[in-house]
Amino acid sequence: MTDLSITLHIDARSISVEPGVTVAAAIALAGGGVTRLSVHGHPRAPLCGMGVCQECRVTIDGRAHQLSCQTLCANGMHVLTASEGAA
Amino acid sequence: MNADVIVIGAGIVGAACADALSERGLRVAVIEQDIPGGGATAAGMGHLVVMDDNAAELALSAYSLSLWKDLVGDRPQRHEYSGCGTIWIAADEEEMQAAMEKAQNLAGHGLLCEMLTPAALYAREPQLRAGLAGGLLVRGDGLVYPPKTTRILLDRAMRRGAVTRRATVTAIEDNCVMLNDGSRHLAQHIVLAAGARSSALLPALPIEPKKGHLAITDRYPGFVKHQLVELGYIKSAHAPSGDSVAFNLQPRPTGQILIGSSRQFDTIDPAVEPAMLQRMLRHAARFTPRLTELNIVRTWTGFRAATPDGLPLIGPCDARRGLWLATGHEGLGITTSLATAQLLAAQIQNETTRIPFAPYLPGRFHD
């Protein structure tokens, strides 16, 4: 638990995590809960954690609607959640 | 069921007929075997588009769009209405010529349209590939989510006393329908509005199912702003046979992009066919290359009720006493549903109609 070798950006924050951590987990570790907003603007957060519920979608490196629970963190990655206006 | 009129089918056409007939004081019963608005009504793109392949099609679609304007009124969100307009894309000078003729035709009906130079086209829709010749913007076109409108029309009819019943009609007799529970129900008028299923009840009807595929993406607000249709659509969509695809892209109010379209004859299998879907998506990506970067979240199919001449069947049918048809709308059923209901209800009540109803009479196929 000491090898925090990966640093990524979640909205305006930076966070360091171990290799193998998913973006959804990193968002939770960084203290965020909301990943996306519904059509009517309601906050959504990961539910299933296994790529089924689609609620964990975020924008990763400019690409919208990526499943954060199915994406591993990488060095220098930029993640936008709904708190920064990403749909 | 103690009804003056039994409407078979609660798609948007049947619901609009129930609304128009109940408004005239008739007691209406609607029979639907599945969910109201769950068939072709839910499967299509929900576009409200003026089409002008011939004078009768233009008259019906223009009349209906004016009725839609009244219905949607100041509560567009109830219908998920968007007045996005349509841009007909011209790939070359020949299609630009076709766009100009279309513009003159529509302007002759008082419809707002505007020719677009390539610069004007790309200013409005920067996702389009380079090298297009221009386009035609039809401002009055739009889109709705048809199952919602169907529900609104049915609810309005029910507030006037109309009833709905979930059952399957097994036969139509003179002034009578038979249901799958063996019951028989009499009414002065029977309205058959069952879309592509209509010919199962009357095999002699000149209706053929035309299968279509659609795909919808995740939300990418602003990717395109208008409904985009290639002018080549007219050539491919109305070919009398053979499979075809045409570029038809639509921005939903949610920010999702609806991608069409395909046409297939000689099949009643609702399965999504990967080969046809691939052909449709590749064709769409030729017009908007960055479409390949978007996530598709759902694909599905539906069946249009196609007639040999591309016009719907609206009016009396002499196969049974008291029988009226409101079917055969092919890909224009959402657009023309409201006008269909007005023309049919007026005929049933011997009223004069806003536009001539003769071009849509079922009897045109009986000579």
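The values are calculated or read from the model by the stated rules, or taken from the named source; none is laboratory data. In this text, all values refer to a predicted model and were calculated from it rather than measured experimentally. Note: ideal-geometry Cβ built from the backbone for every residue, glycine included; neighbour counts use all protein chains shown. Note: areas computed on protein heavy atoms with side chains; ligands, DNA, RNA excluded. Shrake-Rupley method; radii C 1.70, N 1.55, O 1.52, S 1.80 Å.
Numbers below:
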| item | result |
| --- | --- |
| P(r) of region B:88-168 over all Cα-Cα pairs, binned every 5 Å from zero, in whole percent | 3, 13, 16, 14, 11, 8, 8, 8, 8, 8, 4, 0 |
| The protein assembly as shown, accessible surface, carbon-and-sulfur percent (1.4 angstrom probe) | 54 percent |
| Antiparallel DSSP beta bridges within chain B, as percent of all bridges there, nearest 5 | 70 percent |
| Drop in accessible area of at least 20 Å² in the complex versus isolated chain, residues of region B:191-223, 1.4 Å probe | B:218, B:219, B:220 |
| Karplus-derived HN-Hα couplings along region B:312-318 (A = 6.51, B = -1.76, C = 1.60, θ = phi - 60°), whole Hz, x at Gly and Pro | x, 9, 10, x, x, 10, 7 |
| Hz values of 3J(HN,Hα) by residue in region A:27-41 - Karplus curve (6.51, -1.76, 1.60), Gly and Pro given as x | 4, 5, 4, 7, x, x, x, 7, 9, 9, 10, 6, 3, 8, x |
| Shielding by other protein chains, B:244-256, mean Cβ within 10 Å | 1 |
| For the pair B and A, total buried accessible area rounded to nearest 100 Å², probe 1.4 Å | 700 Å² |
| Dimensionless Rg over Rh [region B:306-367; C-alpha; Kirkwood] | 0.94 |
| 0 to 90° range, to nearest 10: angle between helix B:55-72 axis and chain B longest Cα axis | 80 degrees |
| Rounded to whole Hz, the Karplus (6.51, -1.76, 1.60) HN-Hα couplings of region B:292-304, x for glycine and proline | 5, 8, 8, 7, 8, 9, 7, 10, 7, 10, x, 10, 7 |
| Estimated distance in nm for a label pair at residue B:105 and residue B:130, the labels positioned 7 Å out from Cα along Cα-to-Cβ | 3.3 nm |
| Listing of region B:287-323 residues, each with accessible area lower by at least 20 Å² in the full protein assembly than in the chain alone (probe 1.4 Å) | B:293, B:295 |
| Two-decimal log10 I(q)/I(0) for region B:61-123, as the Debye equation yields it once each C-alpha is a single scatterer, q = 0.15, 0.17, 0.26 Å⁻¹ | -0.62, -0.74, -1.11 |
| Proximal charge balance of residue B:313 [Cβ under 13 Å; K/R count +1, D/E count -1] | -3 |
| With Cα atoms, 0 to 90° folded angle of helix B:333-348 axis to chain B main axis | 30 degrees |
| Per residue accessible area in Å² of the protein assembly as shown, where ligands, DNA and RNA are left out and the probe is 1.4 Å | 43 Å² |
| CD proxy at 222 nm, helix term only [per DSSP H run n ≥ 4: -39500 (n - 2.57); per residue of chain A; nearest 500] | -2000 deg cm²/dmol |
| Coordinate range along principal axes, alpha carbons of chain A, Å, largest first | 41, 25, 21 |
| Efficiency of FRET between residue A:14 and residue B:296 - r from beta-carbon atoms, R0 30 angstrom, step 0.05 | 0.35 |
| Charge dipole (debye, nearest 20) of region B:61-120; +1 at Cβ of Lys and Arg, -1 at Cβ of Asp and Glu | 440 debye |
| Region B:301-339 residues near the modelled residue B:366 label - backbone nitrogen below 15 Å, point 7 Å along Cα→Cβ | B:313-326 |
| Heavy-atom accessible area, 1.4 Å probe, ligands and nucleic acids excluded: residues of region A:48-87 down by at least 40 Å² from chain alone | A:63, A:65 |
| Label-point gap, in nm, between residue B:175 and residue B:318 - each point 7 angstrom along Cα→Cβ | 2.0 nm |
| Residues with amide H under 5 Å from that of residue B:176, placed H, sequence gap 5 or more | B:187 |
| Alpha carbon centroid spacing (whole Å) that separates region B:71-142 from region B:290-344 | 23 Å |
